[in-house]
Amino acid sequence: MNNDIKILSIESSCDETAAAVTLNGREVLSNIIYSQITLHEEYGGVVPEIASRKHIEKINQVIDRALKESGHTLRDMDAIAVTYGPGLVGALLVGVSAAKALAFATGIPLIGVHHIEGHICANYIENKELEPPFVCLVASGGHSHLVVVKDHGEFELIGRTRDDAAGEAFDKVARAIGLGYPGGPKIDKAAREGNPDAFTFPQAKIEGAEYDFSFSGLKSAVLNLINQAKMQGQELDQADIAASFQKAVVEVLAGHAIRACKEYGMNKLAIAGGVASNTALRERLEKECAANNIEFYRPSPVLCTDNAAMIGAAAYFEYRKGVRFGLDMNAVPNLPLGDRERRYHGRASRLDLLERDFGGRR
Ligand code: KG4
Ligand code: ZN
């Protein structure tokens, strides 16, 4: 008997419309990403209404392509997985509705996935041997979390940002120095030409919460520097600001992550989220992990930023535990990590679902 589990996964929580087919949570058969970045660029950030509209336009095409490239049909799938939070509610609803419609039409089990769990699980794809427990630093546009992954689906949040997320700080600073959106990759590139020691920016430490982050003070320090220079008629070097700002962010992220590994006695560190594709962060952690005998896991950049393959990876471990969602699954914009409103409905037939959700009326 073939025990292979194939999952069609969908991600639409922000500005990427994505679908993928994964095999046993670790092998990517297709990974289609339609990025809306160019659409949002002129507004300097993601415009939620535009994102939702574009998701509606693209979602079916992206799902069709993911199935086609995988060499399988919808009927070959063992589950349909979708990000149901956190994220922009209008954007999430497009993916959730598409997944529910497919599950309803076929009777294939439906699995809701937490977006951040997806980011963490991206690490399983290229590291077939990786198993919990490990520490994971999640740094994206909306989140900066330090997580102890205790087991599949079991997370202990040991640190989080008190204000801006790391990616958000990259985006805001990039806008202030005229680099535009999205800031992370642009600062990453500009910083290569700059001097990271040109300016010293503060690194917020939070009394009594040593693993928490705070990036808004750092962002304000950069903005103040720029304003002061302007008032004095001085021209500051864009690359120097980018490099110095990036250095401050990397030091805090890497410092917290390494300390957590040591204090929690973990010899494995993984990174995840859009900021995890930052060159300086990867280089810094590579060195620090080597020096401290910690195994370092980092997904390829395409699996760090939003994609659906990571949602398929997370869904696989849920599937194996028997987690199934009903057609009453809804988008949850502020879904907390670890609290996933799990529902175990078993493999409901189309008729069961109709009866449960519509009281048998057709
Ligand atoms: O994980 P992601 O694709 O979406 C969210 O879930 O938020 O992360 C997007 C964030 C953006 O803020 C973007 O500027 C940042 O990740 N980012 C980077 C880099 N690439 C993307 N930040 C720093 N360096 C990068 N190379
Ligand atoms: Zn994300």
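Listing for the model above:
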{"item": "Residue that is farthest from ligand 2 (Cβ to nearest atom), among those in segment 168-183 that are under 17 Å from GLY142 (Cβ atoms) and open to solvent by 20 Å² or more (accessible area, probe 1.4 Å)", "result": "ARG175"}
{"item": "Number of positions in segment 127-147 that are surrounded by 19 or more Cβ atoms within 10 Å (Cβ to Cβ) and farther than 21 Å from PRO333 by Cα", "result": "5"}
{"item": "Flag for GLN203 being over 25 Å from the mean Cα position of the chain (by Cα) and more than 16 Å from ligand 2 (Cβ to nearest atom)", "result": "no"}
{"item": "Test: residue in segment 20-32 that is within 16 Å of ligand 1 (Cβ to nearest atom), at pLDDT 95 or above and part of a loop (DSSP other than H, G, I, E, B)", "result": "no"}
{"item": "Which numbered condition PHE215 fails, given (1) surrounded by fewer than 21 Cβ atoms within 10 Å (Cβ to Cβ); (2) over 20 Å from PRO299 (Cβ atoms); (3) touching a Ser or Thr at 6+ places or on another chain (Cβ under 7 Å)", "result": "(1)"}
{"item": "Answer from ILE187, ILE158 - the residue that is part of a helix (DSSP H, G or I), more than 16 Å from ligand 2 (Cβ to nearest atom) and over 20 Å from ILE7 (Cβ atoms)", "result": "ILE187"}
{"item": "Within segment 95-134, tally of residues that are in a helix (DSSP H, G or I) and more than 16 Å from ligand 1 (Cβ to nearest atom)", "result": "13"}
{"item": "Any hit, segment 235-258, residues being part of a loop (DSSP other than H, G, I, E, B) and among the polar types (S, T, N, Q)", "result": "no"}
{"item": "Criterion violated by THR22 - all others in (1) open to solvent by less than 10 Å² (accessible area, probe 1.4 Å); (2) within 16 Å of ligand 2 (Cβ to nearest atom) satisfied", "result": "(2)"}
{"item": "Those residues of segment 194-223 which are away from ligand 1 (no atom under 15 Å from the Cβ) and touching a helix residue (DSSP H, G or I) at 6+ places or on another chain (Cβ under 6 Å), in sequence order", "result": "ASN195, ALA198, PHE199, PHE201, PRO202, GLN203, ALA204, TYR211, LEU223"}
{"item": "Residue in segment 227-244 that is free of Cβ contacts under 8 Å to residues at least 12 places away in the same chain, within 16 Å of ligand 1 (Cβ to nearest atom), open to solvent by 70 Å² or more (accessible area, probe 1.4 Å) and not β-branched (Val, Ile, Thr) present", "result": "no"}
{"item": "Flag if LEU137 is more than 16 Å from ligand 2 (Cβ to nearest atom), within 16 Å of TYR297 (Cβ to Cβ) and not in a helix (DSSP H, G or I)", "result": "no"}
{"item": "Hey, ARG53 without any contact (Cβ under 8 Å) to a residue 12 or more places away in the chain and either in contact with a strand residue (DSSP E or B) (Cβ under 7 Å, 6 or more places away or on another chain) or over 25 Å from GLY326 (Cα atoms) (or both) or not", "result": "yes"}
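One line per residue, one yes/no per condition, for (1) surrounded by 14 or more Cβ atoms within 10 Å (Cβ to Cβ); (2) away from ligand 2 (no atom under 16 Å from the Cβ); (3) modelled with pLDDT under 95; (4) over 21 Å from the mean Cα position of the chain (by Cα):
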position	(1), (2), (3), (4)
ILE271	yes, no, no, no
CYS289	yes, yes, no, yes
PRO299	yes, no, no, no
PHE317	yes, yes, no, no
GLY326	yes, yes, no, yes
ARG342	yes, yes, yes, no
ALA348	yes, yes, yes, yes
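The values are calculated or read from the model by the stated rules, or taken from the named source; none is laboratory data. It should be emphasised that the depicted structure is a prediction, and the values quoted were computed from it without experimental measurement. Methodologically, a virtual Cβ is constructed for each residue, glycine included, from the backbone with ideal geometry; neighbour enumeration extends over all protein chains shown. Keep in mind that these areas ignore ligands, DNA and RNA; they rest on the heavy atoms of the full protein, side chains included. Shrake-Rupley method; radii C 1.70, N 1.55, O 1.52, S 1.80 Å.
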